[in-house]
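Here's the structure, in structure tokens; my notes come after.
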Amino acid sequence: PACRRRGGLWLLKCLNHLATVRMKQSRPSEALEALREVEAEATCALRPEQHDEAWEFWETVYRNFGWVLSSLGQEQEAIAWIQMAVDVKDRVGEKISWFDLWDIGRMKASVALQRKEPKMIQESQALVTKALWMHRDAEPSDLVMRAKVWHSVGECSFALGHLAEESVTGAETLATNPNGACRAVDAKAHYRKALKCFRESHKLFRTTEGPHNPLTGGEAQAASWCLLKLDDAGDAKEFLLNALEALSRQQSGWGDASRGGEAPALAQATLAVDRILEAHRRTSDREGLAKYFQAIERLCASVCGRLRMSKDRVDAGVYEKLVSSCSMVMVAEGSPEGMSKSQELLRRYMWQSPETPQAQLCSELMVSLRDGADGNGGDLPEGPGMTAFLEALAKHTTQR
């Protein structure tokens, strides 16, 4: 309100900062509202012939529009805005930058993946790779940005791997088990290239931002998925622990709890826990699940503290899946302590009568396991009940 009363540059700066904050909070729709007001205010204040004089301002505005629209999944419109940023620079004689190539390349790659056009992804990856080396030469000390561009290069390789694998296994089979080990030779070559990029990005983020930063955790998540695709579940576990620790401490990416919208961090947490179950199932490492307990408890407490969870939220099903999968990690560890912690987690964070099949299954099986434990002096049952539980666990955590 104070900036609105002052108007002019005060209002423009305030709205631009507000848009940035909303993006950090994973509230892109509100960021878009702020940017539209910025554009309207600036257009009214400047004559058409003055626009190119303020090219740096317009470049920033156009680029911000592109980022917000990309976050909203409107990739084609996002690319058009990024191209406007490039065009305004061209009109005043400014050269295209690594930033321009990075933006255009990664957004075109996203469109190409949706259209299932590997050739277009390769062309986009070439732009992003060029941006990577241009950035390294122009800003050698900016390791955080270099890590982000490395990630984009890796995303292109992963997308190529996904399309190559899908062409062999079929889209339905791949969608049913997205974390399954890849058997297609061409796809595995792309996944190996993606892993190299994600490892490099993770190393840079860990060095500059620390192990628990969301950027580091996100890169650990990407690397772990690659390793699962390459049938290296053993190496994936270290990255998965890093990803879960970072998510349990994450402060941004939770959306707007008051509006009940989707929380991106909630979806990422669910993916991480599912991959933990997959990695430990493949390696028959039940005891190793204990190292996740503390992070799981912190994560569930964080989710409930930051989000006003209820069955009315659009992501209520995702929340049920997260809590039930976290409970599965604890009981699958195989000790009485794990079972006790699992039951406490469900009691504290799962509402009555969950609606998703996995949450229902988990709740029912936990009651059965509790009764079994009560009947044999507190030891975790090792018979058919536990076998059925683990088989159901393996089946349901691969379905999305």
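The values are calculated or read from the model by the stated rules, or taken from the named source; none is laboratory data. Owing to the predicted nature of the structure, the values given are computational and were not obtained by experimental measurement. No Cβ is skipped: glycine too gets one built from the backbone with ideal geometry, and neighbour counts run over all protein chains shown. Side chains are part of the model used for accessible areas, which takes the heavy atoms of the whole protein and leaves out ligands, DNA and RNA. Shrake-Rupley method; radii C 1.70, N 1.55, O 1.52, S 1.80 Å.
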Original post:
Pick from region 323-357 the residues that are of a type in the set (A, V, I, L, M, F, W, C) and more than 24 Å from Lys237 (Cα to Cα): which of them is most open to solvent (accessible area, probe 1.4 Å)?
Top reply: Trp351
Original post:
Which helices (runs of 4 or more DSSP H) sit wholly inside region 22-141 and have at least 3 residues that are among the polar types (S, T, N, Q)?
Top reply: 55-71, 118-138
**OP:** Might you let me know whether region 305-317 holds any residue that is under 25 Å from the mean Cα position of the chain (by Cα), under 11 Å from Val273 (Cβ atoms) and either hydrophobic (A, V, I, L, M, F, W, C) or open to solvent by 20 Å² or more (accessible area, probe 1.4 Å) (or both)?
**Re:** no
Subject >> Exclusive hit being part of a helix (DSSP H, G or I), open to solvent by 50 Å² or more (accessible area, probe 1.4 Å) and either among the hydroxyl-bearing types (Ser, Thr, Tyr) or at pLDDT 95 or above (or both), set Arg275, Arg298 >> reply: Arg298
Subject >> Residue list for region 205-250, restricted to those being farther than 20 Å from Gly161 by Cβ and either part of a loop (DSSP other than H, G, I, E, B) or among the aromatic types (Phe, Trp, Tyr) (or both) >> reply: Phe205, Gly210, Pro211, His212, Asn213, Gln250
Original post:
Considering Ala131, Ala109, which residue is surrounded by 21 or more Cβ atoms within 10 Å (Cβ to Cβ) and more than 29 Å from Glu53 (Cα to Cα)?
Top reply: Ala109
**OP:** For region 147-160, state whether one or more residues are of a type in the set (A, V, I, L, M, F, W, C), open to solvent by 30 Å² or more (accessible area, probe 1.4 Å), assigned to a helix (DSSP H, G or I) and without any contact (Cβ under 8 Å) to a residue 60 or more places away in the chain.
**Re:** yes
Original post:
Going by the conditions given, is Gly93 among the small types (Gly, Ala, Ser) and either over 15 Å from Arg36 (Cα atoms) or open to solvent by 30 Å² or more (accessible area, probe 1.4 Å) (or both)?
Top reply: yes
**OP:** Test Lys196 against the criterion of being under 18 Å from Lys130 (Cα atoms) and either acidic (Asp, Glu) or open to solvent by 30 Å² or more (accessible area, probe 1.4 Å) (or both), and give yes or no.
**Re:** yes
**OP:** Taking the options Trp98, Trp81, Trp58, name whichever one is under 19 Å from Val128 (Cβ atoms), aromatic (Phe, Trp, Tyr) and open to solvent by less than 30 Å² (accessible area, probe 1.4 Å).
**Re:** Trp98
Subject >> Gln268 vs. criteria open to solvent by 10 Å² or more (accessible area, probe 1.4 Å), at pLDDT below 95, over 18 Å from Gly338 (Cα atoms) and assigned to a helix (DSSP H, G or I) >> reply: yes
Original post:
If we scan region 169-183, do we find a residue that is open to solvent by 50 Å² or more (accessible area, probe 1.4 Å), in contact (Cβ under 8 Å) with a residue 40 or more places away in the chain and part of a loop (DSSP other than H, G, I, E, B)?
Top reply: yes
Original post:
Got a number for residues in region 30-44 being surrounded by 14 or more Cβ atoms within 10 Å (Cβ to Cβ) and at pLDDT 85 or above?
Top reply: 10
